[in-house]
Amino acid sequence: MAVSTFDIDAPRWDQSTFMGRLKHFFNITDCTTALLPDSRLDEAKLLVESCRAGSIPPGTTEEQLHYAKKLYDSAFHPDTGDRMNLIGRMSFQVPGGMAITGAMLQFYRTVPAVVFWQWVNQSFNALVNYTNRNAASPITPKQIGVAYVTATGTALATAVGLNLYTKKAPPLVARWVPFAAVAAANCVNIPMMRQQEILNGIAVTDENGNKLGHSKKAARKGITQVVISRITMAAPGMSIHLCFIFSLVFMVPAACSLFPQRCSMAVSKLEPELRDSIMSRYGESVQHVYFNKGL
């Protein structure tokens, strides 16, 4: 093993700008990475961990290190380092979302078809939301079940209600029914699936990653941004039938890029008890806290 001074965790692109985040998420949502076997992903993880430890195999190029980090970011959870399930990864959003979106747009005229495809879509969304949660906030199987049933029920009620309401409406108006159902369900599914973060707060850190405490306000800010991103992700594909494949390819990384994944919040906007705790320990030296908002 050769000694390495390469900082593999240093952002390849500026994460404080939309374009920098867009390049990052185009990189890690590349759907071709979803085709790779687990053994190849595990090799990438070992290389990333070796580089972090300061040693890499002789002859390893910088480009190989960048590619290993791409695979690592696409397949392993940023909080736990565990390999995420395939369907829940953002790299699977294009093929998975493409198939489900096409079906919802094609089969929207009858109630049984609407019910079935909204159920499929919400099952898919629930798995994605769980996979990309802030893993520092555990959730019980009962809470997962309640979140799944509530979100699916909301989507079905919205879709079936609007479907019946727009029976005599022009086809163009009726095609908006799936999007309205998806938007309504996202407003329920994501907060419910990540309710532990709202109830107990999520870990916040200083700029160097030192843990400062847990914040409910930070959780609410992160989850709100994720809801907006998910609705944005679905909008073009739901509204432009013939272009939904292209829109998914573009909108998955674009929607993920709307807000930084490593979110920040002013100490002054935290809960009073956490704010006072940080001020008493660090004074004015800590002005902002940082946390993983999830995807």
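Nothing in this text is a laboratory measurement; each read-out follows from the coordinates by a stated rule. Just so it is clear, the model here is predicted, and its values are computed rather than measured. Reconstructed Cβ throughout: ideal geometry from the backbone, glycine too, with neighbour counts over all protein chains shown.
Pop the C-beta distance of Ala266 and Arg83 into the FRET formula with R0 = 51 Å and round what comes out to the nearest 0.05.
Details: r = 35 Å, r/R0 = 0.68.
Efficiency for this residue pair is about 0.90.
If packing is taken as the average count of other Cβ atoms within 10 Å, what order do 119-128, 44-53 fall into, highest mean first?
Result, highest mean Cβ count within 10 Å first: 119-128, 44-53.
Quick one: length gained pulling Ser16 to Trp176 fully straight, 0.36 nm per residue minus the C-alpha distance?
54.2 nm
Give me the lysines in straight-line cross-link reach of Lys142: C-alpha distance below 30 Å, same-chain residues under 8 apart excluded.
Those lysines meeting the cut-off are Lys211, Lys216, Lys217, Lys221, Lys293.
Calculate for the chain the 222 nm mean residue ellipticity that helices alone would give, adding -39,500 (n - 2.57) per DSSP H run of length 4 or more and normalising by residue count, nearest 500 deg cm²/dmol.
-19500 deg cm²/dmol
Taking amide hydrogens as modeled 1.01 Å from N in the peptide plane, which residues meet the under 5 Å criterion relative to Gly213, leaving out close sequence neighbours?
Val204
Using each residue's phi in the stretch 11-16, evaluate 6.51 cos²θ - 1.76 cosθ + 1.60 at θ = phi - 60° and report the 3J(HN,Hα) Karplus result to the nearest Hz, with x for Gly and Pro.
With the stated coefficients, the stretch 11-16 comes to x, 6, 10, 5, 7, 7 Hz.
Provide, in order from the shortest bin, the percent of all Cα-Cα pairs of the chain in each 10 Å bin, continuing until the bin that contains the maximum pair distance.
6, 25, 31, 23, 11, 3, 0, 0
Rounded to whole Å, give me the distance from the Cα center of the stretch 70-129 to that of the stretch 177-201.
15
So what are the ³J(HN,Hα) numbers for the stretch 83-97, from phi and the Karplus equation (6.51, -1.76, 1.60; θ = phi - 60°), rounded to whole Hz, Gly and Pro as x?
Result, rounded to whole Hz: 5, 7, 5, 4, 5, x, 6, 5, 5, 9, 5, 5, x, x, x.
Return the lysines within reach of Lys69: Cα separation strictly under 18 angstrom, same-chain partners fewer than 8 residues apart disregarded; answer none if there are no such residues.
Output for Lys69: Lys23, Lys45.
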